Structure formats: structure tokens, C-alpha cells
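**Student:** Structure below; questions to follow.
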């Protein structure tokens, strides 16, 4: 922690700050410059973080030096983590895994049909929403537990792992019974009650980045899960909100590299939400692979005209299949495989 | 709903779209221009909203005409709503109400002492957090139910109404028992499970705008609460996230006017979060009053150096008192009162 | 300047950095923590700013301590500056000055007619664009020098000061001959050639904040003008670009207070661009006065339906007149006058 | 152009709007819905664009249907354009071209040395700044014409094409004499005087996207150049400003696909500015190639510690060389070549 003092800070004010810090077990190093004096505090920054040094008289600026996350950081664990879903599906190594399926689960037959298509094309994990976070209270809200049953049935039938979103602390246990991976959606990235509840389970979880969350805040949300005991966290970049309206979201391609430099967790990319339009999904997916992601989540629907949600950004199965062929080549070019 | 067709759209494609819409009970008006053909659909737009016209062949762009919210809109109810908290506190009329108190409830004595100060200065509603949404799992998370008890006790003792945040669907009933107004925080603005749960209660609720929520999305979240039966909604502008880092958030002063033009609900402003620094709170509060808000929520602490949260943006009681005197004059200047 | 080292930085790397800094005349203070070592450099930060310490081996982060602007800062000059336009118009004191007029100068008669109206309502400075920065090459680009002649003629006839935008280094001298205040538009805030050219004149200049400029960058652009010898700079907040699309721009009301804390220059606010819609201008203007601005620039047109630019955000003269009456009351409430 | 009327619009108001449009030579189609009436206008939208229909009584919203750019659009020219720099360098086809070199030209020897390295690695175009847009007036502003001479000399000596930024209308002719491609920087993207001046020359120009420019605005700036007669325009995505501070800019990877769908111009990507840190440049460059760009501009310096600008984001020549090898493989994977 570094404290920059105002030009007019008095000696009494400086002593007051130093005493406070020393009481908390920190050592202070004072550097007096011509224009500014700065104090560096050595020791566990956490104890200072809860002390609002900004309000101490004479303080101009407080600059944290240590990252606020610990357990997810590369400093805590140098090697990249492998998150094991099943024996065959271990995410974070050389192989890039594909999650695909419809936005919402609409019927057992519909789900099965799409699942077969995406599996044939190479997807190992089936996605499908049972609880849908919809902006409008009047839109389709998902089939709930009925949908979870379909997802589990199709997953078992085809031998695919499954992922679905959980939105309510009261549903965590229920959803855990049906699927292999929990999805924590962008809108709930800072729903701390839900993060804690998921942290108490041991179920792998894919944590989507909030629409306006910094990478640091995203990692802090991961830290919530890990600090509660669940280390099986996949990060998922799905586009951020910017001033640009030509796309639904702005896919932050840099976030893949930055998150992997700062944290040891695998990074998945969702080019469907990251673009919002099927015609843009392919290029974004290829870019994500080239940039080093560990998996992709792509929305696929065999009749987007009738999809109950996210039709505009869903790929047709045939399009998904040809994209998979392209993605394999891009993965090879960077010494990965799909 | 207006559909703009691609320049190369065929007659078959146009018929396909028109038929689809007519099946849903809408009438289509086709306007053929030199460069583009557009189709206007007359009828309830809701049925079309769930049909992803964007994916129909030949479609370039789909433009909704009607606002997606209904019950909160000025078209549904022309007159501004008054939200009644108690007989004396009816928000949305000529009088502007002040909510003030500490960010977190830290102790009974501490809360009582601050409450007396803010009441003396003119605040009618006491704020204080018992469940705290903290970015870090290692920071103080609030006193929980113990805090709620203190809040209720002090409120009753001094005759102040009370407001506190609820973060978990499982806590709604509990919190309702202790306070007069629920606060739904910015991070949970699109926690749809929580919105629904709060909608089922009849407790007045202050809905904070999400850090990157458009005004339209904010109103859609209010619609969730109202559509579930609870019309006692206060909107709260508390600053949005932008590229500017000199302030914690960018207070969107225009949002007051826009929200009041589009919806009939009262608008509260939180200049503490809207600035992030006590030295900026006063000017932002005066601006909010001048711009037409119906209430202000301000963090006050008698020892910000020891505050367990949000110390940097908390006012000292004396500063709050002098600000109140200034705010009264600004309110008078625009024919309101505090 | 503070340099935070990587956890694995070696002694050789540390020495390399310290030597480099000492060669530049700075003194290094090293603080070795358990997790991180930091180095504080004492001395003129400018010499280090051009040295990219970020690329030195072992460096994790470089944190500047001193503001990069000097001459515009409160540290350079504690008292707020008064920019003198004429004997009667001295901006930055108790009186708040109004600049009003049409977006574009369209004809001599039109300009005169609007000028009389805004002067009657209390505006001392007449605005009008002769060179218009238009997004489209096909839109009206302004009357050029002919427009400047009209502006000067009307200003002299009515005894009003005048302001107009200059967009091209080659036009600075020309524009200086016709008006009292140069306007440097938001799109040119970092047109450094133009900043330098204006800096060489002694003409008062109003520097609009760029649509996505931080307050720090805005002050750096002011520094360009001042460093070239022209201290007669007015800052102008006119709204920034954010994700919100309900308004043309998001008026950053906090920027008034922040700019006045950091710099000694007067701050003008443009609620016309800051909202983009005439129905929102009034509340934004009142908010700006309450927040402490030193002047307002408002677009007024007597026939917005026929305005060649910015019709939607222009006030009718009658509306401007009634707004002025309200603004006077708000100004009084905070001990200022209009 | 579509006009959405307010629910309370009167017949007189509707007639007033229709008459206005018909006077301008447009035909109006009125669709009366239960809640809203909309009017579609058929004909050249340009004449309406300058008429502020928003201010007509009864109007709620005006929605343009046609893109405001024409000459750069895919509708004007279906085939992608090839911009010819020299016989060997024709940008926009199967081959992806590399522009590389130092941020600033610092000396003849320095430039020559870096140029040889990047040429050996496969770059055909040498970049180097002679006029530098620096945020601070106290930073190195470039060598000016002296730098241009070095650039031309080294380009001729090695048989490389050259590119450099022009910042001032007065310098366009000068810069045209020395280099093969003009660069118009992000900060000047809406410097309309400069766009016009460059449009009058026939020199190929690379137009960088402004830091907060929408794709539509970027294309409008290209339209300025083309409308003035110069069709040799390369677009350059270089990252946009968002709330994320972990990277200098957020590289908008989607912008490549969107720009190429809307316009026929080649798209270059600048991963150096798009990330701001050399450790992130490689992944961003690979992503850009995978996403379909037609060229890359990368900053390379053989001694970043001493670079006078942009050291932190410059690659060492050896790193650039190994990146080139990787980029070639990614290009092959998507049927392009480098």
C-alpha cells in the first residue's frame, strides 16, 4: 500500500497515519520528495484495505500494490489449473473443449436433436438453459426443473457432460443434482450470496464476466468461490458493454491473455454473446482460439426462427459443423487441439 | 415493430415474414423505397418480441417501436406516483426526503449516535447496511440479523423510517420484518429471482440502477417488481461506470429527468456512490436537487477513519448539517422543499 | 514515480533500475516487503516519464505520483483564475456568464434576431458556428468567413462578446480577427497542432472536453495551450460518451467540481450537447449552476424546425428566457449571481 | 427514415410532418397502430437528415434506415477493394501485409537497424513517426521533416514501403512527398479539415479508428476522404476506450468483421496500441489474423528501454521474428498468407 500525501500535509498528519499503520502491524517507509511525500507500507495489505486511509487528513491518494485476490492468483499457484469435469474432459490443458447447445431448453426432443448434431461436430459438453435471466418479466423464463431433467437425460443418453445456469441461492442444490457444470451468469457475477453458495459445493462452475466488470473484479468473484472451498472454477469472457452498438457486446479478446497471466484458472470464451449475431460468431471464435482460450461456448439451434431466446446469435448445426473444422485448423496452428 | 429488409430481399422472403406476423395476429404495412423496403407491424409487439425476426432471411434490422415496460410507464399512468412509507413520509410530491446514515451498521451505540445527528439535521429516513455486498470475500460482510435489530430499535426510538439492503431471496421475508424500505443494490439490479421475490412483498423498495444499466434496463427491472404486484418502487440513480477514473462513478444527472419522463416512479439520488469522495458529495447533492430528484441518500459517519466500509465517501455529521442548509435553499429556488 | 517490482525481481534488476534513475538525477528509496518490493523515486518525474520503466526487467507496474500538468494546476496557482473577455465580462468570479445563440450562423438577419432575444434574457456572449464539424461530408459545413462577419457585426451592434469554433490551424489567425473567444471543439481536444497554434495567440479560448477524454487528458490539453503562452483558457464540460443511449451524451456533473479542484481555470458547462434534447436542457443547466460552474453555453434558435444543425437540442427564445429566470434563483441559492 | 409519433399526436401534427417531407420530394407511408402511429418516408433520406424532424410537434422518435455513408459501403461496391501501395504491395487480397518499425523515428541509424530486422522477419512496410501526437506538451514531439527524410532514405535503401502520421493540414503536402502511406491517427479521426485535405491527395491513407468512435462514425470519416476523391483508404482498428484499465485499450476484435461487412475497404489491426503491453501483442495479433484482418501494424524497437515513445508496447526484433512465424501458421489455417 502506498500513500501519497498532499503537498501541504503536516508532520502531525504524517505521524497520525504512520501510528495507525504501525498499530495494525505494518512498517512504514517515508520518502520525502521536493513536491510530494509518499509512504510505503510493508506488511499484509489486507488489514489496511479495510482502513479508509483516504479520509485521513493530509492524504491525497492511496494506491494498493498487492492484488486483492490471493487464491486464484498466479502468485499463489504458478502452474495453470486443470479443472476436471469427467475423466475425458479436463479443461485447461492442450485440448480446447467445446460447449454447445441451445440457449434455452425448449423440449426433450428439441434438445436431443441439437445435442446429437453438436456432438457429431465435436462438442463434448451440452449447454442449455432451464432458468433464464430475461430482461423482461413477460418473456419466456425457462422450463425450470423440467428442463434440468431433459438436460440430464440427454447428457446421459449421449455421454455428454452438461452445463446450465443457476440464478438463485435456493436452487444451487437442485441444479447440482442434475448437471456437471454450474454456470454463473454475467448479471449475477457480483451476486455474492450466490457466489458463496456455489463456493460451498464442489461442483465445477463457469463464472461469466459481468457486462461491465473489470478483470480484477471478475477475479475477485472467482476468489469468493475459491475462498469458500470450491477450486473448480472456469472463467468465461462473454463480451463487455461499451459505447459501440453495432454488436450486442464488445468481445474483450485481450481479457483471455490478461486473465491467464494473473490467474491460474482456465478461460472459456462465449462468442455468441460476445457478438450477438450469428454472422459474427465464427470470426470471433477463431480469434478466441488464436488468442489462447481453453474452451468455447457456442449457441446452436436447429430452427433459430422459432428459438425462444437468443435466436439471432444461434448457429445452425451445419454452420457449427463447418466452423468446428476451421477451429481445428486454427488450434493446430498454435499447437493446441480441439 | 419495424423490419428493415436487405436491399436484396426477395418477394418470397418478404411473404414469409408477413405470413409469420399475421399468424401472430399482427397487420403488416409494406413500404417499398428505392433502396430499402421496410415493413411496419401493427398490433401487440410483445408477441413479435419473442420471435427473432432478425434471423429471417432477407432481414437487415429489427427496430422495436414500443417501450418494453408497461406498468411503470407514463403511458400506463400519467400522474407521478407517490410512494407512501409512513403517514409523514410520502415520496414523490413537493417535499424532497433525505435518507442518511452509515454505510454499514457497526454497533447499536454507533448507529444511534449517527441517527440522532442526521435526524437533527433533517433526515427522516435512516439508512444502514446489515448485509453488505463486498467485492472481496475477506472484507467485513455486515452484522446480518443483529444489525437489522439495531436498525429497527433506533428507528423506533427516534421515530425514523428505515432502509437497508437485501441481497438474497432467502432473506427477503426476514428483512421485511425489520425495516420500512428494502434496498435492492446496483449489483443485484438484474438478479431477477430477487426482483420477483421483492415483487411479491408489498414492502416499499428502492431499486438502485446497475453500474452499467441503461435507463431502459433499469425500468425493466422495476417492471419485474411491479408486474409481481408491488407498486411501491423508488428508483435510485447512484452513478454509472464510464472510462473516467477520477471519480468512483459518473453520476448520470440526466437520468433523473429521463426516468421521470418515461416512468411515473419517484427518483432518489445517491451522491455518495455517485462520486465516491466526500469532498464531491455536496456539489453533486445540490445538482441532484436542482435537476428534480425526489430524495437523496447520503452516507454519514461520525468517524470515517474507523468506518468499516465506504469511509472515503462518508460525510461527517457537521458537514451533513451544513449541506442540509444549502440543499434547503436550492430546493426553494425550484419550488420544492426539504 | 513509484515502481512496483515483480515478486521474482532479482537484485541485478533492481540495481539496473536504480542506476538508470540516478543517472537522470533522481534519488531512489527502496522498500522491501514480504511479497513485493517497491521503489519510490524522488525528483522531477518528467525525466522519468519519457523513460519507459515498464519495460525494464523485473518491473510489474509503474505508478506516477505527480500530475502531468503543471501550469494549469492548483499547485502552480492556488487562486482561481479570472479570464477577462471584456471589462464587463470576467469569467471565474461570483457572476456566472451565459453564452447563447444558434448552433450554426445561417444568415445575418437570423443571427441578429436570435441575438436580441438571448441578450434580452440575460446572455452576455453570443455563440454561433461558422466552421461546423459535421460527422457527414454531405451535411451543411457552415458559412465560413461570411459567418464570421455576421457574428462580428451583430456582436458590435448589440454590444455582446462573441464566441465561435476554429477547426483548422490555418484559420486561427482569421478567426481571431473576428471574435472575442475561440472555441476548441470536443473532436479537436487532442488536435495538438491546433492547441499549439491557439496557445501562440493571446485570444481567450474555451476548450471543450473530448467525448471520451478523462479529466486528466482534458487538463493536459489545456496545458498545451498555456505552455505555449496563452493563459486565457476556459474549460467546457459538454458530456461524455458512455453506454447510455437515452441521451446524446452523459453530462459529467462531477467533472465541474473535480476540474475546479485540480485546476485554477473557470469551468463552463454546455447542457445542450450534454443532453442532446431541448426537453432535458433546463434541468441539466440548473444542475450545472448548483454544482458550481462559472458559465453556461446554450443553443437557442427561433425556428428549430428549420435549423441547419442541432435543432433537436435548441431552445426556443421564450423557453430560454423562462429558464434564465429559474437559473437566477438557483444561482442566488448558492451565493452566486447570473 | 421512419418517424414514430407520440401517442397523443394530432392529425394536424401528422399533416404538418407529411407536408414538410413531400415538399422535399419524399413519399410518406402512414401506419396507424393501436398504440403508436409511424410514418415511413420513401426517397433520398439525405434531404431529411438535415431537417430536424425530432423537433416537429407530435414526434417521439426519428429512426434513420439508410446508412449515412455511401461511397465506402458494400451497397455502393460489392467487391472488396484492393488498395495498391506498390506493384508488390496490394492490400485487401489473400495476402496479409505487415507494417512494422519504431513508434518514433529517433535517428537514421536506429531506424535503419530496426528496418533491416523487421524486413528480414517479413514486414514489407516500414512505420515510424516524425510528427508525434503526445498527450503532454513536454514530451518528445518527433523529429519532423528530418524524420521524414530518414524514413524515405531507409525505405528506398531497403525497398520497403513507408507509412507515417500526418497531424496538421499544413503538413499534408510535405508528408506526401516523403512516404507511401499517410496515417491519420485516432485522435484526429474527426479532424474534418484534415480528412478533407487528405481526401484531395491521391496518397493511400490508413485511417485509425478514434478511441471512442463507433464503427459507423469511423466509416463516416472514411467517407469524408473518399467523397473528396481519394479511394485509397485502409481502415485501422487500434483498440477503443472502455472501463477496463488492465490494458491500455480494448481491442475490438468484432470491428474487423463488422467493418468488412459494411464497407469494401481493407482493415488493418494495430495490436500494439490495442493492448498497450508487449506481452499481450502476440496473442492479439494472432487473434486479429484469425478474425480476418488484411494487415497488421506492430511497433518494434531494438532497445525499448531507451525508446522515446511507446516503449512498453514495442516488441524486440527477435520477438517480432518469432511472432511472424506463428502468424504465418495462423494465416494458413484460414487460407490466407503472410
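Values in this text are rule-based calculations from the coordinates and carry no lab data. None of the values given here were measured: they were computed from a predicted structure. Don't worry about glycine lacking a Cβ; one is built from the backbone with ideal geometry, like all the others, and counts go over all protein chains shown.
**Student:** First measure r as the distance between the Cβ atoms of residue D:325 and residue D:305, then evaluate 1/(1 + (r/R0)^6) with R0 = 25 Å and state the FRET efficiency to the nearest 0.05.
**Tutor:** The value I calculate is 0.50.
**Student:** Something else now. Which Cβ of chain D lies nearest the axis of the rotation superposing D onto C, and at what whole-Å distance?
**Tutor:** Here the value is D:212, 2.
**Student:** Helix C:317-333 versus the longest principal axis of chain C: what is the Cα-based angle in degrees, 0 to 90, to the nearest 10?
**Tutor:** So the inclination is approximately 50 degrees.
**Student:** Given the C-alpha atoms of the protein assembly as shown, compute the convex hull and give its volume per residue in Å³.
**Tutor:** Convex hull volume per residue, Cα atoms: 158 Å³.
**Student:** What is the distance in Å between the Cα centres of the range C:16-82 and the range C:189-239?
**Tutor:** 25 Å
**Student:** I'd like the FRET efficiency for residue D:170 and residue D:139, computed as 1/(1 + (r/R0)^6) with the beta carbon distance as r and R0 of 25 Å, rounded to 0.05.
**Tutor:** Efficiency for this residue pair is about 0.70.
**Student:** Still on this model: Working only with C-alpha atoms, what are the Rg and Dmax values of the range B:1-97, expressed in angstrom?
**Tutor:** 20.2, 64
**Student:** Expressed as a whole number of Å, what is the distance separating the alpha-carbon centroids of the range B:313-331 and the range C:106-155?
**Tutor:** The range C:106-155 and the range B:313-331 have Cα centres spaced 42 Å from each other.
**Student:** Between copies, how far apart are the residue A:335 label points? List them in nm, one decimal, shortest first, with each point 7 Å from Cα toward Cβ, please?
**Tutor:** Listed shortest first, these distances are 2.8, 6.9, 7.4 nm.
**Student:** Among bridges DSSP assigns within the protein assembly as shown, what percent are antiparallel (round to 5)?
**Tutor:** Roughly 40 percent of the beta bridges in the protein assembly as shown run antiparallel, per DSSP.
**Student:** Moving on. Under 1.5 on a/c is rounded, so check that first for the range C:83-333, then, if it is not, pick prolate when a/b is larger than b/c and oblate when it is not; a ≥ b ≥ c are the square roots of the alpha carbon gyration tensor eigenvalues.
**Tutor:** It comes out rounded by the Cα gyration axes.
**Student:** Taking every residue in D:288-295, how many Cβ atoms of other protein chains lie within 10 Å of its Cβ, on average?
**Tutor:** 5
**Student:** Going by alpha carbons, how many degrees (0 to 90, nearest 10) lie between the helix axis of D:11-23 and the longest principal axis of chain D?
**Tutor:** Compared with the principal axis, the helix lies near 50 degrees.
**Student:** Which percent of Cα-Cα pairs in the range A:188-338 sits in each 5 Å bin, short to long?
**Tutor:** Per 5 Å bin, starting at zero, the Cα-Cα P(r) for the range A:188-338 comes out as 2, 10, 18, 19, 19, 15, 12, 5, 0 percent.
**Student:** In nm, to one decimal, how far is the residue B:335 label point from the residue C:12 one, both placed 7 Å along Cα→Cβ?
**Tutor:** Here the modelled spin labels are 7.8 nm apart.
**Student:** Starting from the exponent 0.38 and prefactor 2.2 Å, build the expected Rg for the range A:49-153 from its residue count and divide its actual Cα Rg by it.
**Tutor:** 1.73
**Student:** Percent antiparallel among DSSP beta bridges with both residues in the range B:2-63, to the nearest 5? Please list the in-between numbers first.
**Tutor:** On the way: 13 of 13 bridges.
Counting DSSP beta bridges with both partners in the range B:2-63, the antiparallel share is about 100 percent.
**Student:** Enter the mean number of other protein chain beta carbons within 10 Å of the beta carbon of each residue in B:21-33, as an integer.
**Tutor:** What the average comes to for B:21-33 is 3.
**Student:** Can you tell me the orientation of helix C:108-121 relative to chain C, as the angle in degrees between its alpha-carbon axis and the longest Cα principal axis, to the nearest 10?
**Tutor:** 80 degrees
**Student:** Between residue B:10 and the same site in the other copies, what are the distances in nm, shortest first, taking label points 7 Å from Cα along the C-beta direction?
**Tutor:** Nearest to farthest, the other copies are at 5.0, 6.9, 8.5 nm.
**Student:** Kindly provide the helix-only [θ] at 222 nm of chain B, computed as the sum of -39,500 (n - 2.57) over DSSP H runs of four or more divided by all residues, to the nearest 500 deg cm²/dmol?
**Tutor:** So the calculated ellipticity at 222 nm is -10500 deg cm²/dmol.
**Student:** Could you work out the per residue convex hull volume over the alpha carbons of the range B:148-245, in cubic angstrom?
**Tutor:** With only Cα atoms used, the range B:148-245 gives 103 Å³ per residue.
**Student:** If you don't mind, there's one more thing I want to ask. Give me the percent of DSSP beta bridges within chain B that run antiparallel, rounded to the nearest 5.
**Tutor:** Details: 17 of 45 bridges.
Antiparallel bridges: around 40 percent, rounded to the nearest 5.
**Student:** Shifting gears a bit: How do B:195-207, A:97-109 rank on mean C-beta neighbours within 10 Å, highest first?
**Tutor:** By packing density, highest mean first, the sequence is A:97-109, B:195-207.
**Student:** Using a label point 7 angstrom from Cα along Cα-to-C-beta, what distances in nm, from shortest up, separate residue D:116 from the other copies?
**Tutor:** 6.5, 7.7, 8.3
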